[in-house]
Amino acid sequence: MNLSYTEENYLKAIYHIKMKSGGNAGTNAISESLLTAPASVTDMLKKLAEKNLVAYEKYKGVKLTEIGSKIATQLVRNHRIWEVFLVDKLGYSWDEVHDIAEQLEHVQSETLINKLADFLENPRFDPHGDPIPDANGKIYQRKQILISNLQIGAAGEVVGVNEHSPEFLKYLNRIQLNIGTKVKVIEKFSFDGSQIILVDDVKELTITYEVAKNIFVTVVNNES
């Protein structure tokens, strides 16, 4: 099915909203995601519904149909595999790749993406820690928790971020809090939610609640 980039971006936006909220996508949520007027969103959803790509449930919002979901999942797979390639093979930083991958994801060749995935040894996660759907659309799930939810004394390894803006990623680069970094919560302050963490068993770092609530870790055994 030949779709415009705009149509594909709508499908991907609905996919992301569902993954984040667990439910259908409302017009306002789509509008905010795509920075588009609600009236324009309504018009596009009608077009997508005519192509059997989305289904509207009164008072429940919009959901992807089976074919719509397949297309959206493939776009997400394309995007995240291209990000891995850009970072691992071309030396881009994780704060530089989103916009480039946004363009590359629309290349209509599953064969190319599958070969690229094989070349990259079929990564399960992109440079931001987001899961990459496999060739069958399945996603590997792992147990992860936000640093803000770790208890004092708990330790973890950074595996992903909840905020993807270049500004946030550049900030994490500056304070050396990246994927693979080991952290341990030393102290938490109820006043503002900030906390002191031990980074890679070397240095103590104070982070705000805004930072702590946007970094995912997997909990690790802490024997110290």
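The values are calculated or read from the model by the stated rules, or taken from the named source; none is laboratory data. For clarity, every value in this text was computed on a predicted model and none was experimentally measured. Here Cβ is always computed from backbone atoms with ideal geometry, including for glycine, and neighbour counts include all displayed protein chains.
Could you list, in sequence order, the residues of the range 76-85 that are more than 9 Å from residue 101 (Cα to Cα) and out of contact with any Leu (no Cβ under 7 Å at 6 or more places or on another chain)?
76, 77
Testing residue 182 on (1) in contact with a helix residue (DSSP H, G or I) (Cβ under 8 Å, 6 or more places away or on another chain); (2) surrounded by 15 or more Cβ atoms within 10 Å (Cβ to Cβ); (3) of a type in the set (D, E, K, R), one condition comes back false. Which one is that?
(1)
With the requirement that a residue be free of Cβ contacts under 8 Å to residues at least 24 places away in the same chain and part of a loop (DSSP other than H, G, I, E, B), what does the range 194-214 give you?
Those that are free of Cβ contacts under 8 Å to residues at least 24 places away in the same chain and part of a loop (DSSP other than H, G, I, E, B): 194, 200, 201, 202, 208.
Restricting to the range 9-54, give me the number of residues that are of a type outside the set (A, V, I, L, M), under 20 Å from residue 130 (Cα atoms) and surrounded by fewer than 18 Cβ atoms within 10 Å (Cβ to Cβ).
Number satisfying all stated conditions: 5.
Going by what's in this entry, would residue 186 be described as without any contact (Cβ under 8 Å) to a residue 12 or more places away in the chain and part of a strand (DSSP E or B)?
The answer is no for residue 186.
Counting only residues that are of a type in the set (Lys, Arg) and either under 26 Å from residue 134 (Cα atoms) or touching a helix residue (DSSP H, G or I) at 6+ places or on another chain (Cβ under 8 Å) (or both), which one in the range 55-71 is surrounded by the most Cβ atoms within 10 Å (Cβ to Cβ)?
Here the answer is 63.
Does the range 193-210 contain any residue that is aromatic (Phe, Trp, Tyr), surrounded by 12 or more Cβ atoms within 10 Å (Cβ to Cβ) and closer than 20 Å to residue 143 by Cβ?
No: the range 193-210 contains no residue that is aromatic (Phe, Trp, Tyr), surrounded by 12 or more Cβ atoms within 10 Å (Cβ to Cβ) and closer than 20 Å to residue 143 by Cβ.
List the helices (runs of 4 or more DSSP H) that sit entirely inside the range 81-178 and contain at least 1 residues that are touching a residue at least 60 places away in the same chain (Cβ under 8 Å).
In the range 81-178, the matching helices (runs of 4 or more DSSP H) lie at 98-104, 166-174.
Filter the range 1-28 for residues that are closer than 15 Å to residue 52 by Cβ and of a type in the set (Ser, Thr, Tyr) and give the result.
10
Condition first: under 20 Å from the mean Cα position of the chain (by Cα) and on the phi > 0 side of the Ramachandran plot. Now tell me which residues in the range 180-223 satisfy that.
180 - this is the single residue of the range 180-223 that is under 20 Å from the mean Cα position of the chain (by Cα) and on the phi > 0 side of the Ramachandran plot.
When you scan the range 88-119, how many residues do you find that are within 25 Å of residue 215 (Cα to Cα) and in contact with a Lys or Arg (Cβ under 9 Å, 6 or more places away or on another chain)?
Counting residues in the range 88-119 that are within 25 Å of residue 215 (Cα to Cα) and in contact with a Lys or Arg (Cβ under 9 Å, 6 or more places away or on another chain) gives 3.
Can you tell me which residue among 97, 87 is in contact with a Ser or Thr (Cβ under 8 Å, 6 or more places away or on another chain) and either of a type in the set (Lys, Arg) or farther than 23 Å from residue 18 by Cα (or both)?
Exactly one residue qualifies, and that residue is 87.
Is it true that some residue in the range 90-100 is touching a strand residue (DSSP E or B) at 6+ places or on another chain (Cβ under 9 Å), within 30 Å of residue 27 (Cα to Cα) and not hydrophobic (A, V, I, L, M, F, W, C)?
no
Being modelled with pLDDT of 95 or more and either over 23 Å from residue 197 (Cα atoms) or of a type in the set (D, E, K, R) (or both) narrows it down to one residue among 147, 152, 132; which is it? Walk me through how you get there before you give the answer.
Numbers: 147 fails: either over 23 Å from residue 197 (Cα atoms) or of a type in the set (D, E, K, R) (or both); 152 fails: either over 23 Å from residue 197 (Cα atoms) or of a type in the set (D, E, K, R) (or both).
After applying the criteria, what remains is 132.
Taking the range 132-150, which residues are in contact with a strand residue (DSSP E or B) (Cβ under 7 Å, 6 or more places away or on another chain) and either under 26 Å from residue 15 (Cβ atoms) or surrounded by fewer than 15 Cβ atoms within 10 Å (Cβ to Cβ) (or both)?
Listed by number, the residues that qualify are 132, 139, 140, 142, 143, 144, 145, 146.
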